[in-house]
């Protein structure tokens, strides 16, 4: 109880200080330079171990992001995203039930963007990002006869990841981006994730993917 009493106020003081610092830094910004909310839809082409475990299947994802224009071509973009790789779909023997197996990645992170023209609303930009990824293998079963649905999650792993790439901001609202993202996930020893079970021996694997994204701002 005493530790909680000491640590909780310190936590709130730190959060308040961070909020005040962000607010102070935001004061000089013009209306056009204020944070811009946006999103992205992504196609992920797996590489390295991820390519083997997904049997070279393409992943699809989406992201929510906020762009802070720091001036002179510099910007910071916090983001939350997810990507899904459909590993396998099988019909269970003796029934109309189908089992679906997916590799799902959830991420929280931030990107640093540098616009070559010196403005954060147009032209080519370079990016480098860092974040935390949560990887799960999701197994679900749906029986169309009695509309039963079950699900379970296996092979969970959280790891630090990063990304490098470039993009083009076509106008203030739309852009395209190519990035190489990397982190680590929990795979299975001796078999691919598509053929694994909850009892399969786990091993840490390298997750790499070339991601092509369409980005939007509003």
Quiz item: Can we say residue 156 is within 18 Å of residue 53 (Cα to Cα) and either assigned to a strand (DSSP E or B) or out of contact with any strand residue (DSSP E or B) (no Cβ under 9 Å at 6 or more places or on another chain) (or both)?
Solution: yes
Quiz item: Can you find a residue in segment 118-129 that is farther than 18 Å from residue 65 by Cα, assigned to a loop (DSSP other than H, G, I, E, B) and at pLDDT below 95?
Solution: yes
Quiz item: Counting only residues that are under 19 Å from residue 173 (Cα atoms) and over 21 Å from the mean Cα position of the chain (by Cα), how many does segment 50-108 have?
Solution: 5
Quiz prompt | Meets criteria (surrounded by fewer than 14 Cβ atoms within 10 Å (Cβ to Cβ), at pLDDT below 90 and not in a helix (DSSP H, G or I)) for residue 9 | solution = no
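The values are calculated or read from the model by the stated rules, or taken from the named source; none is laboratory data. Since the model is a prediction, treat every value here as computed from it, not as a measurement. Note that we place each Cβ from the backbone using ideal geometry, even for glycine, and neighbour counts take in every protein chain shown.
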